[in-house]
Amino acid sequence: MAEKTATAPLAQLTSEMTALKERFGDAIQPAEYEGIVVANDKLLQVAQAIRDDLGYDYLSSLTGVDYFDKGYFETVYHACSIARGGGPLVFKARTPRDVAEIPSVVSIWRSAEFQEREAYDMFGIRYTGHPDLRRILTWEGFAGYPLRKDWKEPYYEQDHKPFDSRWPGGHHVPAEDRAQFHDNVTVSPETFNVESFTPEAEQLLYSGIVPVPGGNGHGMHTDSVVVNLGPQHPSTHGVFRLVVRLSGETVEDLRPVMGYLHRNHEKIGERNTFIQNMPFTDRLDYMCSMSNNFGYALAVEKLMNIKPPERAEYIRIIMAELTRVMNHLAFCGFLLNEMGAFFTPFIYAFEERELILDLFEMASGSRMMCNYFRFGGVARDVSDEFVQRLSHLVFERLSHKTDEMENLITTNEIVRSRAVGVAVLPRADAISLGAAGPLLRASGVPYDLRKADPYSIYDRFDFDIVTGTNGDVYDRYLVRIGEIRQSIRILKQALEQLPAGEIQTGKKAYQARVPAGQAYGRVEGPKGELGFYVVSDGSPNPYRYHVRATSFINLGSLTTMARGGKLADAIIGLGSIDTTMGEVDR
Amino acid sequence: MSGKQQVPHELEDNVAVTPWAKLLDPLTPIYNWGRKYSMWPMGFGLACCAIEMMATAAGRFDLSRFGMELMRPSPRQADLMIVSGTVTKKMIPQIVRLYNQMPEPKYVIAMGACATSGGPFKEGYTVVSGVDRFIPVDVYIPGCPPRPEALLQGFLKLFEKIEGQKISTAPWYTKKEFPAIPVPLLGPDLIDLRQVAEKPREQSEAPAVPTTN
């Protein structure tokens, strides 16, 4: 690693970066591969200049990387411009491993709040000035910082797959037998002293949200109460917990608590080879596995500098748009579930979902976990029967079914009274909080990566960006219905233009040769911007593999939405964000 | 329940005594038939498998054919817990509490590879290697995620198990106590209280995790 990175090329500075360098002098240095390194003492000023003077008002991704051999942690920022679109501006901040302190940029981009907490949780980098620096995916008191390179999980075998113990010729030893305590734990229960143990997680959480005594304004003494919803609650999407401070039925404050489905995606991803990560991406946002595949494939293809052939590009677009239709239809079902229309709209939504899943199964062999994309193409070609059935779905069935759904919901009196003006997210907040996808567009921001920073072959298709005006639950619903119609439009064009030919660049291979470098690949998934930040050191495994999870960052806007509203509206607000816990917690 | 011991021998010689088992066992098929077609699952989704569970409940696969469409949001009203997805260390205390709160007779299905053994995420540092390390499981369903047909097959297997149970020997009608499973602690790592060395345990357990809801 050391030799390889010693010769790593320094990034070519863009004109904007050069302007920053002229202004801030030595505080800015070109980084390896891409972006600039900003000195910690000038970080906040530079970040302010990047946001205000250069117009990068949207912090898309923030993550840590542990450069163990070089002795420092790095925080990588990807900032984008909503108005201009285009690629992100990459800047980095470094801190020695034993110091591990970087100024927090929450005061500049509020979307950094959760992401800095995550980097703190995983790397132990303390972001000074962060308002609420607690662990987010693991729990307070968890031993160690899992994504540090010198931290080993209980079932640790080797740094990289394929593990020697799993060679077919060798013998297999169960993970439990290899582990120190014969279980997936790092602490032996036998030596653990229960008596002297005090759990600190809950106290820290509640200390930020303590009930305040007060009056109701009519001379009556009232107290606000702290209520826990979840992690097992019928109206939270999956295993998710809300801690709310209520005054009567009005939400005064709200803290999302997550990590109940933290499956160590990124740690496992560093052990895996590049191609082995593809099936794991399916399980991120398990409602839309094809879009996840797409984002990861794009990131690695950027590193490998290859492009898929024409037919594969079209197949990819078809799969991604089908996923969007499916996700948005299911969203309508879930949203109405949240409003109390239990299960009936959901059954309507799943009817179409089953038909789309049939197509996925036909192409990839699996209903939900498709594992269909490959670097430089797709896994299998689609058959004529697939095209035939898809044509029927696209040209005859889907738009008709969307009308049916709209007839049921859009003008429904109850839906309107529950959704109009509820859980409003103002435009400025949406941008600052890093909201993405339909959530951002419903607040009146026409930002769609398919147009703003076109990837794959989206620039060939004719479609519109659907936006809302009020940023309430009803607009979010309308935006999604509009996007279903736009997706059908794209699908029609893609079907008409679908060329014959190869589906894979180069030969099929078990191992992808990925040159050293860093890449950030992103797609406009059904839930919003889904990014993959991949660092390769030239070995068969990624050095760092980070997912910019849409749902995770979108959840950051829940507090803003719910404050001042009723508790029942906070639930609908959560439903209207459209989160998948697999993606939130990874 | 076992009537024989309670009857004195002389009485038994002179009077025809029907033991409880003989009385109740003819009713068993009806009893089990009623139970198995009104098996209410808890509406409890953990991860990806929960989506397939919902797909099973939706139109095409139609769970209501088996009398199971009534997903209860409360553990107190549920007979069956479908552990549908990856069990993490942060979630297992809640799962154990939910299991403790369910009334007898209760059944558990481990749906999918993760709930069975940790699955693809087994090597992860916060993943529990199978829910059966903490709560007893009746049926394991392989798959990642299992198809709805596989889930239905799992239900049918559970029905077979139910058919094999008898009123006269059912443990939930005996005086046997069902001790609650101690809720694991989240310390520096997950602490299984059953494995903690036998020291004064009762006092220290109580303040950490309240067992009532």
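Based on what the data block shows, is A:GLY444 touching a Pro at 6+ places or on another chain (Cβ under 7 Å) and either within 28 Å of A:TYR56 (Cβ to Cβ) or not in a loop (DSSP other than H, G, I, E, B) (or both)? Please lay out each step first, then the result.
Working: touching a Pro at 6+ places or on another chain (Cβ under 7 Å): no; either within 28 Å of A:TYR56 (Cβ to Cβ) or not in a loop (DSSP other than H, G, I, E, B) (or both): yes.
No, not satisfied.
When residues in segment A:460-514 are screened for being buried (at least 16 other Cβ atoms within 10 Å of the Cβ), in contact (Cβ under 8 Å) with a residue 60 or more places away in the chain and acidic (Asp, Glu), 1 of them pass. In the condition set (1) buried (at least 21 other Cβ atoms within 10 Å of the Cβ); (2) away from chain B (no Cβ under 14 Å); (3) part of a loop (DSSP other than H, G, I, E, B), A:ILE209 is compliant with all but (1). Here A:GLN276 fulfils each of the conditions (1) closer than 18 Å to A:ARG367 by Cβ; (2) in contact with a Lys or Arg (Cβ under 7 Å, 6 or more places away or on another chain) apart from (1).
Scanning segment A:367-413 for residues that are of a type in the set (D, E, K, R) and outside any loop (DSSP other than H, G, I, E, B) gives A:ARG374, A:ASP384, A:GLU385, A:ARG389, A:GLU396, A:ARG397, A:LYS401, A:ASP403, A:GLU404, A:GLU406, A:GLU413.
Condition check ((1) under 26 Å from A:HIS233 (Cα atoms); (2) in a helix (DSSP H, G or I)) across all residues:
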site	(1), (2)
A:ILE317	no, yes
A:ALA320	no, yes
A:VAL325	no, yes
A:ALA330	yes, yes
A:PHE342	yes, no
A:PHE350	yes, yes
A:LEU355	no, yes
A:ASP358	no, yes
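Yes/no per residue for (1) touching a residue at least 12 places away in the same chain (Cβ under 8 Å); (2) in contact with a strand residue (DSSP E or B) (Cβ under 8 Å, 6 or more places away or on another chain); (3) buried (at least 17 other Cβ atoms within 10 Å of the Cβ):
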site	(1), (2), (3)
A:PRO9	yes, yes, no
A:SER15	no, no, no
A:ARG23	yes, no, no
A:PHE68	yes, no, no
A:PHE73	yes, yes, yes
A:ALA79	yes, yes, yes
A:LEU89	yes, yes, yes
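A residue that is within 13 Å of chain B (Cβ to nearest Cβ), more than 19 Å from A:HIS262 (Cβ to Cβ) and crowded, with 16+ Cβ neighbours inside 10 Å occurs somewhere in segment A:142-161.
Only helices (runs of 4 or more DSSP H) whose full extent lies in segment B:61-164 are considered here, and the ones with at least 3 residues that are at the interface with chain A (Cβ under 9 Å from one of its Cβ atoms) are B:92-101. Of the residues making up segment A:320-329, none is in contact (Cβ under 8 Å) with a residue 12 or more places away in the chain, farther than 25 Å from A:GLU385 by Cβ and among the aliphatic types (A, V, I, L, M). Only one entry of A:THR579, A:THR469 meets the criterion of being within 14 Å of another protein chain (Cβ to nearest Cβ) and not in a helix (DSSP H, G or I), and that entry is A:THR579.
Consider segment A:541-562 and keep the residues that are of a type outside the set (Gly, Ala, Ser), touching a helix residue (DSSP H, G or I) at 6+ places or on another chain (Cβ under 9 Å) and over 28 Å from A:ALA519 (Cβ atoms). The one that is surrounded by the most Cβ atoms within 10 Å (Cβ to Cβ) is A:MET561. Here A:ILE306 qualifies as hydrophobic (A, V, I, L, M, F, W, C) and more than 14 Å from every other protein chain (Cβ to nearest Cβ). Contact map, segment B:76-91: first residue more than 22 Å from B:LYS161 (Cα to Cα), second residue in a loop (DSSP other than H, G, I, E, B) and of a type in the set (Lys, Arg), Cβ cut-off under 9 Å, separation 6 or more or different chains; pairs are B:THR86/A:ARG263; B:THR86/A:ARG283; B:THR88/A:ARG263.
Counting only residues that are within 14 Å of chain B (Cβ to nearest Cβ) and of a type in the set (Ser, Thr, Tyr), segment A:236-276 holds 2 of them. Among the residues of segment A:328-351, at least one is away from chain B (no Cβ under 14 Å), touching a helix residue (DSSP H, G or I) at 6+ places or on another chain (Cβ under 6 Å) and at pLDDT 90 or above.
Looking only at residues in segment A:277-303 that are among the charged types (D, E, K, R) and closer than 11 Å to A:GLY521 by Cβ, which one is farthest from the other protein chains (Cβ to nearest Cβ)? Restricting to residues being among the charged types (D, E, K, R) and closer than 11 Å to A:GLY521 by Cβ, the top hit is A:LYS302.
The values are calculated or read from the model by the stated rules, or taken from the named source; none is laboratory data. All of these numbers come straight from a predicted model, not from anything done at the bench. Don't worry about glycine lacking a Cβ; one is built from the backbone with ideal geometry, like all the others, and counts go over all protein chains shown.
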